[in-house]
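**Q** Handing you a structure now.
The values are calculated or read from the model by the stated rules, or taken from the named source; none is laboratory data. Since the structure is predicted, the reported quantities are computational estimates derived from the model, not experimental observations. For neighbour counting, all protein chains shown are included, and Cβ atoms are generated from backbone atoms with ideal geometry for every residue, glycine included.
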Amino acid sequence: MARYVFAATLVRSADGGAVVAVVLLAQASGKPGWLAGLLGAAITAPHVLGPFIAPRLDTAADGRKTIALSAALHGVLLGAAALLLPAGPAAWPGLLLFISGIFGPMLTGGISSRLPAIAGPSPRSQRRAQGWDVASYGLSGTLGPAAVAWIAAASSALTAALVLAGVAMIGAVAVLALPRQSAAGPAEEVPSPWRTLGLIRKHGPLRRTLGLTVSVAFSVAGLPIYAVAAAPACGGATAAGLLVAAYGVGNLLGSAGLMVRPLRGNADGLMGALSMLVAASLLLVPAMPSLQASLAAFCLAGVANALFFAATLAARSEYAPLEARSQVFVWVGALKIAAGSAGTAVAGLAVSGAAWTPLLIGAVLTALTSVVSAVGRSRSAGA
């Protein structure tokens, strides 16, 4: 598990910090703001294509090599794009970043698909390991962007991007140190990406896993937008950073709690209950009367999201068929990222009316999805 957390944190930091590195480098190179945004999107939007290379994980004799190659290519392409970006037009760097983004889901859901075999056979060890995995996501989501910003301030944006590319390369080597796992089955027995998506749609627990994951990802994406919009009333721009940091602390606290006391019970039911907790935390945030209370509410939202995320990892592990497990992990992870991007865009538009509007939209969407999932679950139980 120590090797897993180390490798996962490295490759996910390289993936999570890439957008910040690209935007900072584009701005430092004199590119207009709209182009910096497009370049940032160029590395996140292709995540939805990740599932189309995921079958290789289920058929490869050694899936570690597939993940390591993805991390290495991500690093090489990111480094090459960083070197080209200040020197001329953005078309070629943009293409390299787009290709790099295709490998992103292999560094998130792809490596998570290795966890069930590493954690051991007992349900308790599986749930505790999922807590460690949530911690890896939280650490990388904080360390990656923070390290990029710090290096860019201390040296240059180009240096930050190249260091991030190097981290991806080191992470690729670390992945190879994980235990080897055999292929899920012969290539002819592994379903295609579209068949896997159809399997998710037809299988009740997996369908609910995807639906709840997407709705929660869309909803919590509004928290940073709200933090920026509410910052003037809370004391200035510094407040926005504090609020987002409190959310990150909450994620880490939630994952730490999961390591001590793993989730218990049916993963399908846990997801529904914990998604309602996320919805409630989103409604709580704008109701807070002071910065201190808002910090506590953001922290609670982070805890709720960490618990919910662990439940979705458990659901993917327990309900995905062995011959398509990696693809299920990657599909859910890729669509989660896409939903988060859409949530950020919608929140940016909605916040112009009132700062709390994105959180209200997210809370209502998540609560409705949870109710629909509960109805589907009860019908399945009664069938």
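**Q** Please go through (1) more than 19 Å from Ala14 (Cβ to Cβ); (2) surrounded by 24 or more Cβ atoms within 10 Å (Cβ to Cβ) for Ala161 and return the number of the only condition it doesn't satisfy.
**A** (1)
**Q** Give the number of residues within region 256-265 that are within 28 Å of Ile200 (Cα to Cα) and either touching an Asp or Glu at 6+ places or on another chain (Cβ under 9 Å) or part of a helix (DSSP H, G or I) (or both).
**A** Total satisfying the criteria: 1.
**Q** Quick one: in region 225-256, which of the residues that are of a type outside the set (Gly, Ala, Ser) and within 12 Å of Ala355 (Cβ to Cβ) is surrounded by the fewest Cβ atoms within 10 Å (Cβ to Cβ)?
**A** Pro232
**Q** I would also like to ask the following. If a residue must be over 22 Å from the mean Cα position of the chain (by Cα), assigned to a helix (DSSP H, G or I) and crowded, with 19+ Cβ neighbours inside 10 Å, how many such residues does region 324-372 contain?
**A** 2
**Q** Let me ask something additional. Among the residues of region 291-300 satisfying the criterion of being touching a residue at least 24 places away in the same chain (Cβ under 8 Å) and surrounded by fewer than 24 Cβ atoms within 10 Å (Cβ to Cβ), which is farthest from the chain's Cα centre (by Cα)?
**A** Here the answer is Leu291.
**Q** Next up: When you go through (1) touching a residue at least 12 places away in the same chain (Cβ under 8 Å); (2) among the β-branched types (Val, Ile, Thr); (3) not assigned by TED's automatic domain parsing to the domain that holds Ser113 one by one for Val167, which number turns out not to apply?
**A** For Val167, the failing item is (3).
**Q** Taking the condition of being farther than 21 Å from Ala311 by Cβ and assigned to a helix (DSSP H, G or I), how many residues in region 373-383 meet it?
**A** 1
**Q** Show me the helices (runs of 4 or more DSSP H) entirely contained within region 1-85 in which 1 or more residues are within 19 Å of the chain's Cα centre (by Cα), more than 15 Å from Gly110 (Cβ to Cβ) and among the basic types (Lys, Arg).
**A** In region 1-85, there are no helices (runs of 4 or more DSSP H) which contain 1 or more residues that are within 19 Å of the chain's Cα centre (by Cα), more than 15 Å from Gly110 (Cβ to Cβ) and among the basic types (Lys, Arg).
**Q** Would you be able to say whether some residue in region 240-255 is farther than 20 Å from Ala296 by Cβ and in a helix (DSSP H, G or I)?
**A** No: region 240-255 contains no residue that is farther than 20 Å from Ala296 by Cβ and in a helix (DSSP H, G or I).
**Q** Which condition number does Leu282 fail, the rest of (1) of a type outside the set (Ser, Thr, Tyr); (2) assigned to a helix (DSSP H, G or I); (3) touching a residue at least 40 places away in the same chain (Cβ under 8 Å); (4) in contact with a Phe, Trp or Tyr (Cβ under 7 Å, 6 or more places away or on another chain) being met?
**A** Only one criterion in (1) of a type outside the set (Ser, Thr, Tyr); (2) assigned to a helix (DSSP H, G or I); (3) touching a residue at least 40 places away in the same chain (Cβ under 8 Å); (4) in contact with a Phe, Trp or Tyr (Cβ under 7 Å, 6 or more places away or on another chain) is unmet by Leu282, namely (4).
**Q** Hey, among Trp150, Trp132, which residue is without any contact (Cβ under 8 Å) to a residue 60 or more places away in the chain and among the aromatic types (Phe, Trp, Tyr)?
**A** Of Trp150, Trp132, the one residue that is without any contact (Cβ under 8 Å) to a residue 60 or more places away in the chain and among the aromatic types (Phe, Trp, Tyr) is Trp150.
Results for (1) buried (at least 24 other Cβ atoms within 10 Å of the Cβ); (2) under 24 Å from Ala304 (Cβ atoms); (3) hydrophobic (A, V, I, L, M, F, W, C), shown as yes or no for each residue.
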position: Ala90; (1), (2), (3): no, no, yes
position: Ser113; (1), (2), (3): yes, no, no
position: Ala117; (1), (2), (3): no, no, yes
position: Gly141; (1), (2), (3): no, yes, no
position: Ala149; (1), (2), (3): no, no, yes
position: Ala154; (1), (2), (3): no, no, yes
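**Q** What tally of residues in region 21-76 results from selecting those that are closer than 17 Å to Leu95 by Cα and without any contact (Cβ under 8 Å) to a residue 24 or more places away in the chain?
**A** Residues in region 21-76 being closer than 17 Å to Leu95 by Cα and without any contact (Cβ under 8 Å) to a residue 24 or more places away in the chain: 5 in total.
**Q** Can I ask one more? Any residue at all in region 59-81 that's closer than 21 Å to Val330 by Cα and touching a His at 6+ places or on another chain (Cβ under 7 Å)?
**A** no
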